[in-house]
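The values are calculated or read from the model by the stated rules, or taken from the named source; none is laboratory data. The structure displayed is predicted, hence computed values, not measured ones. Every residue, glycine among them, receives a Cβ derived from its backbone with ideal geometry; neighbour counts consider all protein chains shown.
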Amino acid sequence: MKIATLASFTLITISFNTLALDVKQRFDHLDKDKNGYLSVEELASQPHLQKHMAKWDTDNDQQISLLEFKHYLTNKS
């Protein structure tokens, strides 16, 4: 029983880590100037993302942080 629980926990942890890495890789790919934020200009090549930018720019600073990007990708409906 302990082995099954440990195995399940390990798989869940790996899954979350993979998701986090995927989000970071997507963000880094879009962050052309590597300043840690996505600007309107950087999202110009992604009109589906740019269109909804105002919704996920939670602090209204006209740029998207990694945290805002992660929240958008993992909570979009």
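What pairs come out if I take residues in the stretch 47-76 that are part of a helix (DSSP H, G or I) and pair them with residues that are surrounded by fewer than 17 Cβ atoms within 10 Å (Cβ to Cβ) and among the β-branched types (V, I, T) whose C-beta lies under 9 Å away, six or more apart or interchain?
From residues that are part of a helix (DSSP H, G or I), the pairs are Q50/V40; M53/V40; L67/T58; E68/T58; H71/T58.
Every residue in the stretch 7-53 that is hydrophobic (A, V, I, L, M, F, W, C), modelled with pLDDT of 90 or more and within 20 Å of N75 (Cα to Cα), please.
F27, L30, L38, L43, M53
Of the residues in the stretch 34-70, how many are over 18 Å from K24 (Cα atoms) and of a type in the set (V, I, T)?
Within the stretch 34-70, residues that are over 18 Å from K24 (Cα atoms) and of a type in the set (V, I, T) number 2.
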